[in-house]
1. For the full complex of protein chains and a 1.4 angstrom probe, list H258, H188, H268 by accessible area with the highest value first.
2. Need one number: convex hull volume per residue for the chain, Cα atoms only, in Å³.
3. Ranked from highest to lowest mean number of other Cβ atoms within 10 Å per residue, what is the order of the peptides 2-9, 124-131?
4. Tell me which trypsin sites (Lys or Arg not before Pro) from region 191-285 have a DSSP coil assignment and no more than 10 other beta carbons within 10 Å of their own.
5. Just by accessible area at a 1.4 angstrom probe, what is the order of T243, T160 from largest to smallest?
6. Contact order normalised by length for region 148-285, with contacts defined as Cα pairs under 8 Å and 6 or more residues apart; what percent is it?
7. Take M1, M239 and sort them by solvent-accessible surface of the protein heavy atoms, 1.4 Å probe, largest at the top.
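The values are calculated or read from the model by the stated rules, or taken from the named source; none is laboratory data. None of these values were measured; they are calculated from a predicted model. Cβ placement follows ideal geometry from the backbone for every residue including glycine, while neighbour counts extend to all protein chains displayed. The accessibility values were calculated without ligands, DNA or RNA, using every heavy atom of the protein model including side chains. Shrake-Rupley method; radii C 1.70, N 1.55, O 1.52, S 1.80 Å.
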Amino acid sequence: MILKHQKFEFGGKCVIERVVIEAPFRYSVHFHNEACFIYFLEGRSAINSPYEQVSIQSEESVLLKCGSYFADLLKYSNAVQYEILVVHLYPDILRNIYKQEIPSFVKHAEDKSFIHKIGTHDVVRKFVESLYFYFDNPGLVNDELLELKVKELVLLLVQTRNAASVVSLFTDLFTPRDISIKEVVNNHLFSDVSIEDLAGLSNLSVSTFNRTFQTLFNDTPANYIKIKRLERAKDLLAMSSLTVSEIAFQTCFKEVAHFSRSFKAAYHCSPSAYRLSVDRFQREA
């Protein structure tokens, strides 16, 4: 649940916002034509992109490219409140701010990652503190000030990302990319995601995602994912000392009983019996 929301607009679009959220909370967003900087003042989160899942702690920040994401805001310790600060980077606004300095936002880039974790930096923390001053004094904010704050963030990102220039940073952020359903699925096999989540990360409706998946894999998403998770569980039973419960958790089965039934249906023996048979074979070899 969103407890508090403040925002500043530039050119009719929200460019900077402060959000206080009560956990647990799942937030899905589609940045089709914008990049986004997010600073976590309080809370810890797991952000999922089409190809990654990145864990974020308090006072860390991330830079998200154009794409689809969802974030799980989790309860931690005795605290349930999150506070995040978001700066939206729109190509048209950046072109206007930089005018003739930036020749193009769309060039070829090889980097397939969507999320860049910036971590904890004093310069980023100081920048965020300066924004909080203006949230406490919104009457001081105008377009000229917002333009300066956006340019300040861009220069900080060039340094923290070790980008060669502002142009190279923007090229990386706004380069169009095709989403591979195979990569989306295989990169989230062991994440706690639903079919709806996978469809969203692929920029598809659930029905279109299911049809496309069936064509690519000759299987349903649910069955394919279950098979891959059971194969991973089988390997862990053979090669690790993890308990059956720990393996069930690591392969995204929420109940050990469900894991055991699924494993037995696939391999005609229980997880414990399979582990014993592997141990016996290794001793006799």
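1. Order by accessible area, largest first: H268, H258, H188.
2. Measuring per residue, one finds 175 Å³ for the Cα hull of the chain.
3. Packing proxy ranking, top to bottom: 124-131, 2-9.
4. Sites meeting the loop and neighbour criteria: K254.
5. Solvent-accessible surface, decreasing: T243, T160.
6. Normalised by residue count, the contact order of region 148-285 is 14 percent.
7. From most exposed to least exposed: M239, M1.
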